[in-house]
Amino acid sequence: MNEQPSRRIIHVDMDAFYASVEQRDNPDLCNQPVIVAKRSRRAVVTAASYEARKYGIHSAMPAMRAAALCPHAVFVPPDFVRYKAVSNQLQAILSRFTSVIQPLSLDEAYLDVSAVITPGDTANALARRIRSTIAIETGLAASAGIGPNKFVAKIASDWRKPNGQYVVPPARVNRFLAPLPVGKIPGVGPAMQAKLADMGVATISDLRTIERNSLVKRFGQWGARLYKLARGYDDRPVESRGAPAQISAEDTLAKDLYLQDIAPLISRLSEKVWQRYCTQNPGLARTVTLKLKTTNFKIVTRAYTPTAPPHSADEITAIACGLRQRIDYPDHTRYRLVGIGISGFIEADAQPHQQCLFDDTS
Ligand SMILES: [Mg+2]
């Protein structure tokens with residue numbers, strides 16, 4: 001087997017996402033068993049709050065069965081427009097930490113942070129900052145798994161749910177995987193579990209006792225992949241796709257500067273960002289982010305989403321300069337890197353609506 005590429009992958013997964021959005025937006029629902037589903041014969045549960053899960057309720061269960069399990073549960077019909085809006089906000093936050101992001105659904109994504117970890121920092125600490133940023137800016141809890149590849153990171157994000165994180169360093173991958181039931185492997189459903197059970201395989205450690213040839217003979221390519229996964233080997237890269245989540249520019253300074261002296265640099269970087277934005281034309285930008293790195297390599301980011309999308313380099317500059325007031329490091333702190341980003345792109349069709357909002361308030 002080839003050498004495992006050395007990556008630091010974070011899998012971020014929001015906790016009971018749809019149900020949590022409902023609880024956040026309606027305080028009456030806090031601490032209540034909330035079921036996101038229509039209360040009808042044909043409906044299935046889209047999501048269940050942790051309070052509802054205590055009654056054995058889970059997603060994909062018929063709504064009527066959920067109602068029987070917990071008669072006092074509150075049913076809320078799904079509102080995907082709102083969930084999508086929160087999801088966009090989440091993607092914008094993630095894109096401030098790395099540009100290598102692969103969303104898996106509205107509420108989870110892989111991040112490859114191998115290239116952005118600075119000396120003295122760790123993927124574990126970075127995941128903590130990502131989760132706290134999500135909590136502060138969306139009011140919602142996320143969990144994270146950290147590992148040397150996507151497979152391990154995804155399993156690990158389940159480990160400390162809700163609102164927790166778990167790191168599996170490369171040296172601990174084999175020990176971490178060994179006792180897990182094979183059903184934890186993404187793609188191994190009940191049918192596959194039954195086939196493996198026929199071969200005497202219940203756990204990943206059992207799976208390791210089966211020779212590669214037998215697995216390939218029985219399951220083809222999928223067997224070859226199972227052989228690798230059982231050993232914690234997964235070389236799939238994190239694949240960003242579609243429009244960029246963020247367009248940004250940053251500069252490491254020749255000489256460290258104080259906060260009050262970086263305005264000219266902000267202006268230059270905003271020009272650069274605006275030019276890139278005009279060439280790529282990914283839709284309207286909603287959020288402007290200022291990123292700074294202190295001489296001690298501490299990274300701080302502040303973001304602002306104005307009502308009307310910024311329409312020029314000057315507007316981005318003004319917003320980013322304003323964001324300096326939200327940096328709460330002591331005045332004598334000096335900075336070695338400044339970055340400007342725009343993100344949260346929305347389709348230009350949304351503009352008339354934005355314009356309306358702007359006209360109404362001006
Ligand atoms: Mg989730």
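Please treat every number below as a calculation from the coordinates, not as lab data. If you're wondering where the values come from, they're calculated on a predicted model, not measured in any experiment. Every residue, glycine among them, receives a Cβ derived from its backbone with ideal geometry; neighbour counts consider all protein chains shown.
A few points about this structure:
- DSSP-loop trypsin sites (Lys or Arg not before Pro) across the stretch 26-86, with at most 14 other Cβ within 10 angstrom: Arg41, Arg42, Lys54
- At an R0 of 51 angstrom, the distance between the Cβ atoms of Asp251 and Asn174 translates into a FRET efficiency of 0.75.
- Sparsely packed loop sites in the stretch 202-252 (the trypsin sites (Lys or Arg not before Pro) outside DSSP H, G, I, E and B with at most 12 other Cβ atoms within 10 Å) comprise Arg241.
- Annotation: extensible slack from Cys278 through Met64 equals 71.9 nm (criterion: 0.36 nm per residue apart, minus Cα-Cα distance).
- Shape class of the stretch 200-314 from the Cα gyration tensor (axes a ≥ b ≥ c, square roots of the eigenvalues): prolate, since a/c reaches 1.5 or more and a/b is larger than b/c.
- Annotation: extensible slack from Arg212 through Ala135 equals 23.3 nm (criterion: 0.36 nm per residue apart, minus Cα-Cα distance).
- Using the empirical formula 2.2 N^0.38 Å as the baseline, the Cα radius of gyration of the stretch 207-254 reaches a ratio of 2.06.
- Using a Förster distance of 25 Å, the FRET efficiency for Ser114-Thr294 (Cβ separation, nearest 0.05): 0.65
- Three-way shape label, the stretch 178-230, alpha-carbon gyration tensor, a/c 1.5: rounded
- Remark on the chain: ratio of C-alpha radius of gyration to 2.2 N^0.38 Å is 1.13.
- Karplus-derived 3J(HN,Hα) values for the stretch 104-115, using 6.51 cos²θ - 1.76 cosθ + 1.60 with θ = phi - 60°, are 9, 6, 4, 10, 9, 7, 8, 10, 9, 10, 3, 8 Hz; glycine and proline are entered as x.
- With 20 Å as the limit on Cα-Cα distance, the pairs of Lys84/Lys298; Lys255/Lys298; Lys84/Lys291 that go past it are Lys84/Lys298; Lys84/Lys291.
- Note on Trp222/Asp158: beta-carbon distance plugged into 1/(1 + (r/R0)^6) with R0 of 30 Å gives a FRET efficiency of 0.85.
- Gain on full stretching of the segment that runs from Leu104 to Asn124 - 0.36 nm per residue minus C-alpha separation: 5.1 nm
- Remark: Asp198, Asp79 ranked as Asp198, Asp79, counting other beta-carbon atoms within 10 Å and listing the fewest first.
- Cleavage-rule hits (GluC sites (Glu not before Pro)) in the stretch 1-78: DSSP loop, at most 15 neighbouring Cβ within 10 angstrom: Glu3
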